[in-house]
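Every number in this text was worked out from the coordinates using simple rules, so none of it is lab data. Please read all numbers here as calculations on a predicted model, not as lab measurements. So basically every Cβ, Gly included, is an ideal-geometry build from the backbone, and we count neighbours across all protein chains shown.
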Amino acid sequence: MEARVSDGRDISGEFDGSDAGRAVRRDGAVRAAVEQGLLGPGTPIVGLLDVAGIRESAAALRAAFDAVTAPGTPVLHAFAVKATPLVPVVRLLHEEGIGAEVASPGELALARAAGVPAERTVLDSPAKTPDELREALALGIAVNADNPQELERLDALMAEGTSASPVGIRVNPQVGGGSIEALSTATATSKFGVALRDEGTREWVVRAYLDRPWLTRLHAHTGSQGIPPALMTEGVRETYALAEEINERAGRRQVDTLDIGGGLPVNFASDETTPTYAEYARVLREAVPGLFDGRYGLVTEFGRSLLAKHGTIVARVEYAKSAGDRPIAVTHAGVQVATRTVYAPGSWPLRVAAYDGKGQPKEGPDVVQDVAGPACFAGDLLAVGRALPLLEQGDYAAVLDTGAYYFAHHYAYNSLARPAVHGFTVDETGTGTGTEAGAGTEAGAGGVAFATVRTAQTVAEIVAEAGGEHADALTGELRPGRAGAV
Ligand SMILES: *Cc1c(COP(=O)(O)O)cnc(C)c1O
C-alpha cells in the first residue's frame, strides 16, 4: 500500500505502518462518503470515525500497560467519555476492553446505554450532587471525592448502608501547568481535587484515610493537552508517594489502587502518533517502578489520545471568494464543530486537507488561503493563511484529528445543526469491491462501509430545543399566580 497523505507527500518513511494506514483509510472514506451520498450539496458537513483506528488505539493502550505491569495486576482503562460522548463509540471501546470515566449524570447515562458495567465505570466530577453520589454508590461505581465537603457527603451515605463502590480522593499534586492554561489541572490554584502542597493538607489527607477504612483509592489527573509527559509523570510519582505514606501509617495496604488519570497529549501537526502509550508507560515505569510491581491496581482515564486521530470533519466549500487578495474558502465547518480552534487558534491549530468535488485528494500548488466556517462572525475561521491546494466551490475541506472534543461537542451558534457522524471501515485486502455489510451498515464503492453513529440534527429538532413548544410563554399573561407561570 502506498503511504501518501492527501497533499501528495510520500510519508512511508515518516511513521509506522498503522499511522500510514490511517491516512490512506481516511482518503478512502472521504471519497466513499461523496460517492455514497453521505456528503454533497444537501448534506454539506459530516463527521467520520475510523473504526479500525479506534480499535488500534485501544489495543495499543492495553498492550502498553500489559508490557510494564506485573502479571495479574488489575488494570482498568476507563475512557474519559467527555472526549467523545457518543454511545456507539463507548460501546466499541467497551468491546475493546476499555471502561468509562464519567463526570455528569449525562455521561453516566451514556456509559450505561453503551453497556459499560458499574465495575468498569469511574465517576469524577468536581460538583457531584448528593443524588449523583447516592446513585453511584447504589450502582457500585468507583467514586473519586474531589474535596472535604464531598467526603462529608460520602461519610453520611456510607453510614446509611454498604456499597460495592471503591472510593478514593482526588489530589492535586500541584506539580505545575503546561502550555494551555485552561487544561492545566495541577497548578497551585487548579480547581480540581485536594491541593496536596497547601499547608496542612497532606496531613489532612492521610488522616482522612486513617479514619475511613473504606477509602481505598487515590486519584490524580494532572492535566490534558499541553502537559509534557515528564510533568504528568511527576504528578503520578507524587501520588504514589502519598499512597505509600498512607499505607505505612495505616500499617496495611489500605490504598490498593491508583487512578493516574489521562491527559496524554496528541500530535495535531502530522499523522504521526506521538507520544505513544508505550513510550508513556515506559517512562512511568522508570520513574515510579513501585507502581508496577503488582502491589497496586491501576486505573487510567485517557480521552483525547484514544480518539482524536480517528475523527475527521468533512465540509463542502459552499463558496470560494477573495478579500484583500486573500482567497477564502467558505465551508460548512466552523465554530459549531471546532469551537476551541476558532476561539483559541493559537492553542488548538488543526490540519486541513483539500479534496475535490469527487472526494479525491486535491492536486496543485499550495496557495495561501483562509478556510472559513459558516457562522456569522468574522473570527469564524478554521485556518488563517494556510498553504493548501486552492479550495474551489464544490470542493471539500477535511479537518483532521477531530475525533475528540470536536464534532461531538456541538456549539449551537447561529442554530447550526449538529452534523451526522458515521463510522467507517475500509476493506484493506485491496480488492476494491464492496465489503460485507452487517446490520445498519451501508457497503459501497471502494470497499468502504459506513454505519450511522449519530444522525444529523433536524431543523424541527432545533426549533423544539429552542423552546418551540413554549412559543407563547412570554407574550401570554405572565403574572405571578397565573397559570403558566413557574
Ligand atoms: C478530561 C479528563 C480526563 C481525560 O483527559 P484527556 O486529556 O482527554 O486524556 C481524564 N480524567 C479526568 C478527571 C478528566 O477531567
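Helix 201-211 against the longest principal axis of the chain: what's the angle in degrees, Cα atoms only, rounded to the nearest 10?
The two axes meet at around 70 degrees.
For the chain, find the longest principal axis of its Cα atoms and tell me its angle to the long axis of helix 229-250, 0 to 90°, nearest 10.
20
Between residue 123 and residues 5 or more places away or on another chain, which pairs have amide H atoms under 5 Å apart, with H built 1.01 Å from N, and which residues are they?
Here the answer is 102, 142, 143, 144, since their amide H atoms fall under 5 Å of that of residue 123.
Pop a pseudo-label 7 angstrom from the Cα along the beta-carbon direction at both residue 55 and residue 248 and give the gap in nm to one decimal.
Each label point lies 7 Å from its Cα, and together they span 4.8 nm.
From Cα pairs below 8 angstrom and at least 6 apart in sequence, can you work out the relative contact order of the chain, rounded to a whole percent? Intermediate results must be reported in sequence, preceding the final value.
Numbers: 1026 pairs, mean separation 84.0, N = 486.
Dividing the mean separation by the residue count of the chain yields 17 percent.
Ordered by packing density, taken as the mean number of other Cβ atoms within 10 Å over each peptide's residues, highest first, how do 192-204, 70-82, 222-234 rank? Working shown, then result.
Details: 192-204: 15.7, 70-82: 19.3, 222-234: 21.6.
By packing density, highest mean first, the sequence is 222-234, 70-82, 192-204.
Is it possible to state the helix-based mean residue ellipticity at 222 nm for the chain, with each DSSP H run of 4+ residues giving -39500 (n - 2.57), the sum divided by total residues, to the nearest 500 deg cm²/dmol? What is it? Walk me through the numbers before you get to the answer.
Numbers: 12 runs with 136 residues, N = 486.
Value at 222 nm, helices only: -8500 deg cm²/dmol.
What is the list of residues in segment 149-189 whose amide nitrogen lies under 16 Å from a point 7 angstrom out from the Cα of residue 206, following Cα to Cβ?
So the set is empty, nothing qualifies.
Kirkwood hydrodynamic radius for the chain: how many Å is it when counted over pairs of different Cα atoms?
24.1
Output the relative contact order of segment 51-307, whole-number percent, from Cα pairs under 8 angstrom with separation of 6+ residues. Show your work: numbers first, answer last.
On the way: 501 pairs, mean separation 56.8, N = 257.
Relative CO of segment 51-307 lands at 22 percent.
For segment 252-349, what is the relative contact order in percent, using Cα pairs closer than 8 Å and at least 6 residues apart in sequence?
Numbers: 90 pairs, mean separation 24.9, N = 98.
In percent, rounded to a whole number, it is 25.
For segment 51-307, what mean projected area does the convex hull of the alpha carbons give, in nm²?
Over every viewing direction, the Cα hull of segment 51-307 projects on average to 12.8 nm².
Between the helical axis of 277-287 and the dominant principal axis of the chain, each derived from Cα atoms, what acute angle in degrees is found, rounded to the nearest 10?
Computed tilt is about 30 degrees.
Aspartates and glutamates near residue 128 by alpha-carbon distance under 13 Å, same-chain residues fewer than 8 away left out - which ones?
The reachable aspartates and glutamates, counting only those whose Cα sits under 13 Å from residue 128, are 107, 146, 150, 152.
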